[in-house]
Amino acid sequence: MKRLIVLLWLAGSVWAGDIKVHEQTEQYDPFAVRDSKRAEHQWQEQQNLKRQLELIDKLPVGCLLISQPFNHYRCGNDFFRPYPHPLDGQGQKYQRIPQPTKP
């Protein structure tokens, strides 16, 4: 029975999230903390979107063409897919993508 209680307590603490401890003499504004966390999250999302929209002209040396689940290239730990760029008559560009998963 004691093990069950301890297990439930540990499971509940995993979902608790960040816990901040401060002295009562300190000024604490939970709304400012919330707003800063939100701004930090939005900045991270913008960085992820910017990274995903990065187009390059040439693939690095040693990339492998992989045809499943769609045609894409693996260059080390990075993955790229062909991106037709209609405004540029120079030809093909490549877009960085997350690692494709098989269906």
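No value in this document is a laboratory result; all are computed from the given coordinates. Computed from a predicted structure; not experimentally measured. With ideal geometry, Cβ positions are generated from the backbone for all residues, glycine too; neighbour counts draw on all protein chains shown.
Taking a sphere under 12 Å around the Cβ of Phe70 and counting the other residues whose Cβ falls inside, with K and R at +1 and D and E at -1, yields a net charge of +2. Charged neighbours of Phe80, selected by a Cβ distance under 14 Å, balance to +3 (K, R count +1; D, E count -1).
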